[in-house]
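The values are calculated or read from the model by the stated rules, or taken from the named source; none is laboratory data. For clarity, every value in this text was computed on a predicted model and none was experimentally measured. Don't worry about glycine lacking a Cβ; one is built from the backbone with ideal geometry, like all the others, and counts go over all protein chains shown.
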């Protein structure tokens, strides 16, 4: 039984790609002027540049002056960026470019050409060029889906349950009773006859379970591995009896002893499967969040939570690992005075960014009373990543929709495991 290999991904990088795709999904052009370019791994960049130059030549035929200008400018910007690369990155490259209205909207003609470059999370095999009224983000969105599915079967002689681990969720698919008589025979039956009947019932039950397992984990979900669990010897009898379809038999990565079968057994098996599934992100998240809670609950001074507290400790090089949920939805807003360089910093929820920025920009500088102010915005994870990079702290972005994300949310969605107890520092 081999250990399955799953592509490990940087949780901050995946978070940034998701956020960018979310932003791009909401953009639309005035005409067919938003450009999407997918460059597969191994593709020669000079070939792509030639294709885009041809498209520039064709774009001069666009009737609308505004659309024509936007398309030619956008293609020029993409070509310019591609020339900065010596070769196509290992997994390929995705670029989106278009003339977009300023944030908060603006009249036609006030658009600014923006380019987005994305290093895909998996190897890109498709070349795509599109000029449309929206960005084509679906290929990247599909890449973000966790395709490492694991099947769970929890079985004993009374019942069986099926579960599926995908991404950050363990899902119970169904359960069934066995219909097999208990071990004690009814009065009037000879022990031999009773045993024979029970064995027939068990064989029928095992065949039924094997058929359902094949339907779930071969026909409907193509799983990367199967974990079989349950109390007593029934699971071994089933596994060793040759009932399972050969592909599933070869895919068994663990047989676990548990107290329950059925749907309860699925949850118990997942809880016990940490070692086997240590490459799975959900298990990593579970271990990291549990470690944070253990540090907090032990009163060792090595665990803390709350955004303000965590940022202070991060800046002071005390944080070892920072945990934040992917649904925190906070923006760091900086307003700087161009005359005296006085800086106003605020962390606000995304929907409050525009009103808060307007409020700060319309008031004079608190330092020199000048009205010459500039505002900058940054996603909270980007802001924390920059500070963490200076101190060598790790950042883990935890799925807010998972059980352990909910635990972290109870602490205000941000927590940190510390290098030492700052209260003991001399």
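Looking at residue 373, is it surrounded by 15 or more Cβ atoms within 10 Å (Cβ to Cβ) and either under 26 Å from the mean Cα position of the chain (by Cα) or farther than 29 Å from residue 415 by Cα (or both)?
In short, yes.
Which one of 335, 353, 397 is in a strand (DSSP E or B), touching a residue at least 24 places away in the same chain (Cβ under 8 Å) and more than 23 Å from the chain's Cα centre (by Cα)?
It is 335.
When you check residue 33 against the structure, is it surrounded by 15 or more Cβ atoms within 10 Å (Cβ to Cβ) and in contact (Cβ under 8 Å) with a residue 40 or more places away in the chain, yes or no?
It is true that residue 33 is surrounded by 15 or more Cβ atoms within 10 Å (Cβ to Cβ) and in contact (Cβ under 8 Å) with a residue 40 or more places away in the chain.
Is at least one residue of region 284-293 without any contact (Cβ under 8 Å) to a residue 24 or more places away in the chain, outside any strand (DSSP E or B) and in contact with a strand residue (DSSP E or B) (Cβ under 7 Å, 6 or more places away or on another chain)?
Looking through region 284-293, none of the residues is without any contact (Cβ under 8 Å) to a residue 24 or more places away in the chain, outside any strand (DSSP E or B) and in contact with a strand residue (DSSP E or B) (Cβ under 7 Å, 6 or more places away or on another chain).
This table checks each residue for (1) assigned to a strand (DSSP E or B); (2) crowded, with 21+ Cβ neighbours inside 10 Å; (3) out of contact with any strand residue (DSSP E or B) (no Cβ under 6 Å at 6 or more places or on another chain).
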position: 153; (1), (2), (3): yes, yes, no
position: 163; (1), (2), (3): yes, yes, no
position: 174; (1), (2), (3): yes, no, no
position: 181; (1), (2), (3): no, no, yes
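Are any residues in region 38-74 at pLDDT 90 or above and either part of a loop (DSSP other than H, G, I, E, B) or within 31 Å of the chain's Cα centre (by Cα) (or both), and if so, which ones?
38, 39, 40, 41, 42, 43, 44, 45, 48, 74
Among (1) farther than 19 Å from residue 208 by Cα; (2) over 26 Å from the mean Cα position of the chain (by Cα); (3) in a helix (DSSP H, G or I), there is one condition residue 269 misses while meeting the rest; what is its number?
(2)
Of the conditions (1) crowded, with 20+ Cβ neighbours inside 10 Å; (2) under 16 Å from residue 306 (Cα atoms), residue 402 clears all except one; give me its number.
Unmet condition: (2).
Only residues that are touching a residue at least 24 places away in the same chain (Cβ under 8 Å), touching a strand residue (DSSP E or B) at 6+ places or on another chain (Cβ under 9 Å) and either surrounded by fewer than 17 Cβ atoms within 10 Å (Cβ to Cβ) or not in a helix (DSSP H, G or I) (or both): list them for region 19-30, please.
19, 27, 28, 29, 30
Give the number of residues within region 310-322 that are in contact (Cβ under 8 Å) with a residue 24 or more places away in the chain, in a helix (DSSP H, G or I) and surrounded by fewer than 18 Cβ atoms within 10 Å (Cβ to Cβ).
Total meeting the criteria: 1.
Of the residues in region 381-390, how many are closer than 20 Å to residue 288 by Cα and either surrounded by 15 or more Cβ atoms within 10 Å (Cβ to Cβ) or modelled with pLDDT of 95 or more (or both)?
4
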